[in-house]
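Below: one structure, written as structure tokens.
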Amino acid sequence: MSDKTTYESLDNRIAPETLTEDHTKGLAVVDGHAVKSQEDYEDPNRLYDMLIARIRKYHPSTDVSMIEKAYKLAVKAHGDQRRKSGEPYIIHPLWVAIILADLEMDKETIAAGMLHDVVEDTKFTEEDIRREFGDEVALLVDGVTKLGRLSYSSDKLEVQAENLRKMFLAMAKDIRVIIIKLADRLHNMRTLQFMTPAKQKEKAKETMDIYAPIAQRLGISKIKTELDDLALKYSQPEVFYDLVNQINARKTEREEFVEQIVEEVSTHMKNANIKAEVNGRVKHFFSIYKKMVNQDKTVDQIYDLFAVRIIVESVKDCYAALGVIHEMYTPIPGRFKDYIAMPKPNMYQSLHTTVVGENGMPFEVQIRTYEMHRIAEYGIAAHWRYKEGKQVADSLDNKLYWLRQILDWQNDTRDSEEFIKSLKVDLFSDEIFVFTPKGEIIDLPKGATPLDFAYRIHSAVGNKCVGAKVNGRIVTLDTPLNTGDFVEIITQQNSKGPSRDWLKIVKTAQAKAKIRQFYKKELKDENIANGKQMLDYEAKRQAVSLPSLLKTEYVDPILRKFSFADLDDLYAAVGCGGIAAQQVVTRLREEQRAHDKPLVPVLPRVAEPTTPARGGKSSSKEDMGIKIAGLPGCQVHFAKCCTPLPGDEIIGYITRGRGVTIHSKECVNVNASHDPARWVEAEWSDTVNSSYNGSIQILAQDRHNLLADLMSYLSAQKVTVCALNAKVNSNQTCSIELTLQVANKQELDWVIKQIAKRQDTIEIFRV
């Protein structure tokens, strides 16, 4: 096997044929997994020699005794363990270490990469690692082990958000933990052909959603581009292979074109006395695919399918080389980007220009220094590159500013869905670059507004903002900014502060966090009062007494989980929208159940429901579509406390002289009953009534014509409203209780889902 991986060859060759090969051909299939034959296994000792050779290449004098020791321990620990491919498990940590060596990482990181699965998959413990290799390696292994236990599920937002929080905390402690994890994920993706198709798609999506964007944010293009291509290959194989085949179709012609361009550029650089290294390549498949989708174009319509890279010795030479290129070829207007003057947040610097060759074929030219090229390839990993026997001593503070921001605002964003949405905007989206009136450059995510700009400058500027100018013209505060805009914020000292509506305008989590922080500090008393009111309302909605939930043993775990100092902080967070009242009450009830204490119902009695049958009078069980075991012909009533619907699991309660009252099995009064002998089994019959009354509670942003618009909307959806009760709250919200005519639980759930999508809706629950 070649020392170079298939994807590494992309730097030197255009669309290698190996990418279209079916690597599963001829492989045995065991339990749905493709398995290698014995003769195809890598030789671990050969891979170890390859690892040491690569380390010696970038640091000839380094002591490799730690790495040798880690290799021997990993071999001993993993023993006879096998991967899904059937090959010895030691192959995987060896390749992880090789990938880290390709990034020119320090010996502690490479040793930790070799040992990253030892604690999780073998009998060896973290203490064993610490005793043999010291605290630094042990902490790195422990960090990677913990990240390995995280599972990313798109269906469980809260779990996903918590896992992402843990990942960023691990990054903050030592960024090398995430670099090792990226190397681990890269090798797993390289060997994904041995997994089942379902597992391939799952890992590909996870890689595309989480790991590739993080690699991009860390500036590690060597890993990011390969992860992207591999994720596309397994998530959309038809699209991937079609793209590869299209590029390969004119491979020879394109290779000749690139070679010609490289020769021409090299000659002109030499004539201009610019010492330069010139090479050409095809863009990576994922970047081409992304452009095709975003711009709705075919491969032949993509301007920068090819890239010519010019590497020079100084910044002065970069701009001199740019002049030579624009003299040689016709530049395409609007396609020049100066990332030297305006570096990307991931430290990337380069000049980009798209020009047209003599044959009319457009191509991109990238111009950078050798140091810029190293940073572009290695990103944050470049910090650990050896230099004269010592690691580079420059601070990471500025380079990891974005990470500190995430850690700052994630504590203020406890809503899981909002956290993930904000993360995608702040971390994973494209950047724009705008200017302050003094000409300073500010980077923001695409779609950011003047308010985001104001809060990026300083929280005081954002809080006192009353208007904005973009390129000298007054604009609204929700105007999207574009790269190159000059932005001026108009402030007023006597301003009352930000409006709550701004939370809907700003795009960055930083701005949202600072707005919420203002309301927490400036309006804490009001937020506490609002929070108490909202929790009390939610408790009543769930048919429990709030005081019964506010016992120390129930509250303390909640305060610890969300890092609140006391109960007032919890009230304030609920009042300012930092955490949902429903989430708090639900967790308090869970803590109460864990302590085996019965819930205290709001209704003092369950035996005497005040509402007769749904049709307006008591009915027999047959009329109501209810089957009750052992009680033929008795009267049936539906409980008002839970209003069950067809589709709910139900149970009956024998009342004195009033027949049987039907409750949902999840009703709080079922759990609170002290007379279990009076409960009887009940179920819905095959012939249920055509309509029942179901109640919902809506918390919405108050505005003019809110109720009228809601009623019109429900009418358009052919939903019958039987009763309505509304109340305007002090925090500019409106509480609305609706009784609707529905056929079953599924129909009510559908209505809830539709109302939840409305812009005004904050929360919606079934009552």
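The values are calculated or read from the model by the stated rules, or taken from the named source; none is laboratory data. It should be emphasised that the depicted structure is a prediction, and the values quoted were computed from it without experimental measurement. Note that we place each Cβ from the backbone using ideal geometry, even for glycine, and neighbour counts take in every protein chain shown.
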Check: Assuming residue 500 fulfils every condition listed in (1) at pLDDT 85 or above; (2) more than 26 Å from residue 471 (Cα to Cα); (3) assigned by TED's automatic domain parsing to the domain that holds residue 466 apart from one, which condition is it?
Finding: (1)
Check: Just one of 682, 726, 629 is modelled with pLDDT under 80 and either among the small types (Gly, Ala, Ser) or under 30 Å from residue 526 (Cβ atoms) (or both); which is it?
Finding: 629
Next item on the list: Filter segment 478-497 down to residues that are farther than 26 Å from residue 337 by Cα and loosely packed, with under 13 Cβ neighbours inside 10 Å and give me whichever is modelled with the highest pLDDT.
Entry: 492
Margin query: Please go through segment 252-278 and give me each residue that is modelled with pLDDT under 90 and assigned to a loop (DSSP other than H, G, I, E, B), ordered by number.
Written below: none
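Restricting attention to segment 241-250, does a residue exist that is over 34 Å from the mean Cα position of the chain (by Cα) and of a type in the set (Val, Ile, Thr)?
No: segment 241-250 contains no residue that is over 34 Å from the mean Cα position of the chain (by Cα) and of a type in the set (Val, Ile, Thr).
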Check: Can you name the strands (runs of 3 or more DSSP E) wholly within segment 293-381 that have at least 2 residues being of a type in the set (Ser, Thr, Tyr)?
Finding: 351-356
Item checked: Residue in segment 63-73 that is among the polar types (S, T, N, Q), assigned by TED's automatic domain parsing to the domain that holds residue 179 and modelled with pLDDT under 90 present -> no
Checklist line | Search result, residues across segment 419-477 that are modelled with pLDDT under 90 and among the basic types (Lys, Arg) | finding: 421, 424, 438, 446, 456
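When segment 455-489 is examined, which residues are found to be in contact (Cβ under 8 Å) with a residue 40 or more places away in the chain, closer than 19 Å to residue 504 by Cα and among the aliphatic types (A, V, I, L, M)?
Taking segment 455-489 as the starting set, the residues that turn out to be in contact (Cβ under 8 Å) with a residue 40 or more places away in the chain are 455-456, 459, 462-463, 481-488.
With closer than 19 Å to residue 504 by Cα added as a condition, the list becomes 455-456, 459, 462-463, 481.
Correct list: 481 only.
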Note to self: Of the conditions (1) under 25 Å from residue 523 (Cα atoms); (2) of a type in the set (A, V, I, L, M); (3) in contact with a Phe, Trp or Tyr (Cβ under 9 Å, 6 or more places away or on another chain), residue 696 satisfies every one except a single condition; which number is it?
What the structure shows: (1)
Item checked: Residues of segment 57-82 satisfying the condition of being without any contact (Cβ under 8 Å) to a residue 40 or more places away in the chain and either buried (at least 20 other Cβ atoms within 10 Å of the Cβ) or under 21 Å from residue 138 (Cβ atoms) (or both) -> 65, 68, 72, 75, 76
Note to self: Would you confirm, using the coordinates I've provided, whether residue 302 is among the aliphatic types (A, V, I, L, M), closer than 16 Å to residue 368 by Cβ and surrounded by 17 or more Cβ atoms within 10 Å (Cβ to Cβ)?
What the structure shows: no
Check: Taking segment 545-580 on its own, how many of its residues are part of a helix (DSSP H, G or I) and surrounded by fewer than 22 Cβ atoms within 10 Å (Cβ to Cβ)?
Finding: 16
Check: Does segment 182-190 include one or more residues that are buried (at least 17 other Cβ atoms within 10 Å of the Cβ), in the same structural domain as residue 115 (by TED's automatic domain parsing) and at pLDDT below 85?
Finding: no
Next item on the list: Report yes if some residue within segment 584-597 is within 28 Å of residue 700 (Cα to Cα), modelled with pLDDT of 80 or more, surrounded by fewer than 18 Cβ atoms within 10 Å (Cβ to Cβ) and among the polar types (S, T, N, Q); otherwise report no.
Entry: yes
Check: For residue 281, all conditions in the list (1) touching a strand residue (DSSP E or B) at 6+ places or on another chain (Cβ under 7 Å); (2) more than 29 Å from residue 223 (Cβ to Cβ); (3) surrounded by fewer than 18 Cβ atoms within 10 Å (Cβ to Cβ) hold save one; what is the number of the exception?
Finding: (2)
Margin query: Please go through segment 742-767 and give me each residue that is aromatic (Phe, Trp, Tyr) and either touching a Gly at 6+ places or on another chain (Cβ under 6 Å) or modelled with pLDDT of 85 or more (or both), ordered by number.
Written below: 750
Check: In segment 532-575, what count of residues is obtained for those that are at pLDDT below 80 and in contact with a Phe, Trp or Tyr (Cβ under 9 Å, 6 or more places away or on another chain)?
Finding: 2
Item checked: Evaluation of residue 413 against (1) assigned to a loop (DSSP other than H, G, I, E, B); (2) at pLDDT 85 or above; (3) of a type in the set (Ser, Thr, Tyr) (one fails), failing number -> (2)
Notebook entry, point to check: Hey, any hits in segment 657-671 for a residue that's at pLDDT 85 or above and in a loop (DSSP other than H, G, I, E, B)?
Noted result: no
Check: Is it the case that residue 218 is within 20 Å of the chain's Cα centre (by Cα), hydrophobic (A, V, I, L, M, F, W, C), in the same structural domain as residue 36 (by TED's automatic domain parsing) and modelled with pLDDT of 85 or more?
Finding: no
Checklist line | Search result, residues across segment 688-727 that are within 37 Å of the chain's Cα centre (by Cα), part of a strand (DSSP E or B) and farther than 17 Å from residue 541 by Cα | finding: 701
Notebook entry, point to check: From 466, 470, 487, which residue is farther than 30 Å from residue 335 by Cβ, aliphatic (A, V, I, L, M) and not assigned by TED's automatic domain parsing to the domain that holds residue 738?
Noted result: 466
Item checked: segment 100-125, residues that are part of a loop (DSSP other than H, G, I, E, B), surrounded by fewer than 23 Cβ atoms within 10 Å (Cβ to Cβ) and not charged (D, E, K, R) -> 122, 124, 125
Margin query: Please pick out the residue among 161, 138 that is assigned by TED's automatic domain parsing to the domain that holds residue 81, at pLDDT 85 or above, among the small types (Gly, Ala, Ser) and out of contact with any strand residue (DSSP E or B) (no Cβ under 7 Å at 6 or more places or on another chain).
Written below: 138
